[in-house]
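Here is the structure we will look at.
Any read-out appearing in this document is the output of simple, stated calculations on the displayed coordinates, not a laboratory observation. No experiment lies behind these values; they were computed from the predicted model shown. Neighbour counts are summed over all protein chains in view; Cβ atoms, including those assigned to glycine, are modelled from backbone coordinates with ideal geometry.
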């Protein structure tokens with residue numbers, strides 16, 4: 001979850017503190033992950049294209065691209081809360097369709113966590129625009145789908161590498177389409193490389209491995225710790241305001257997670 005939160009922080013840092021454009025950030029991030037995972041596969045003497053899938057690669061690309069464009073204006077903590085709220089809803093719906101059920105305490109925990117998300121997006125002076133909210137929610141849905149695709153992976157490292165390799169050409173197309181708005185910044189590229197090579201490439205390999213031991217509903221709820229970590233990073237690194245609504249939402253989300261995990265089996 002620290003890796004997931006760091007992705008939000010790196011993305012917001014790049015798009016708020018530097019002049020890099022969202023498409024370039026996405027491309028550098030994904031290609032940096034490709035390079036790291038290719039080296040990992042060479043070391044393990046495995047062929048990544050034998051693993052992963054185009055459907056997972058597309059979900060991965062949609063998540064990364066919409067995240068970058070949404071974070072042009074949304075604060076780190078608020079964006080991460082919206083992102084993983086959408087992740088949770090997507091994975092819990094999938095778990096319900098697959099026959100997973102929550103007990104009464106887990107339902108209360110889920111409702112508590114979701115109420116925190118509702119508080120965050122209530123219209124007000126700090127609420128994000130409809131467009132950026134939609135982009136962030138789309139990113140969360142895509143990440144939820146990507147996580148669900150990864151639950152049956154027999155080789156998490158190779159599957160992650162295969163997915164990123166397939167996503168590489170797609171993100172290059174995005175950058176070509178966005179050439180008229182191209183803005184390159186050295187510090188922004190550094191943030192994108194760190195996000196891609198470290199917190200995305202290695203973090204996602206670990207996540208795919210952990211997913212093998214979790215139900216979809218539990219996995220979705222655990223991820224709601226990431227927004228709180230990201231919000232702390234935004235306050236500490238970018239002087240973002242810890243608004244009362246953000247603090248209340250964070251408490252509700254953490255409390256809801258605690259109920260789901262404490263009263264359920266993974």
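Of note:
- Segment residue 173..residue 39, full-extension length gain: 45.9 nm, with 0.36 nm per residue of separation and the alpha-carbon distance subtracted.
- Förster radius 35 Å - calculated FRET efficiency between residue 97 and residue 46 (Cβ-Cβ, nearest 0.05): 0.60
- Each of 238, 36, 136, 232 has some number of other Cβ atoms within 10 Å of its Cβ, and from fewest to most they run 238, 232, 36, 136.
- Relative contact order %, the chain, counting alpha carbon pairs below 8 Å whose residues are six or more apart: 42
- Separation in nanometres of the label points that stand 7 Å from Cα toward Cβ, at residue 105 and residue 184: 5.6
- The mean sequence distance of close C-alpha pairs (under 8 Å, at least 6 residues apart), as a share of the length of the range 1-95, puts its relative contact order at 45 percent.
- Longest to shortest principal axis, alpha-carbon extents of the range 153-196, angstrom: 41, 23, 9
- Scattering profile of the chain at q = 0.13, 0.17 Å⁻¹ [log10 I(q)/I(0), Debye over alpha-carbon scatterers]: -0.79, -1.32
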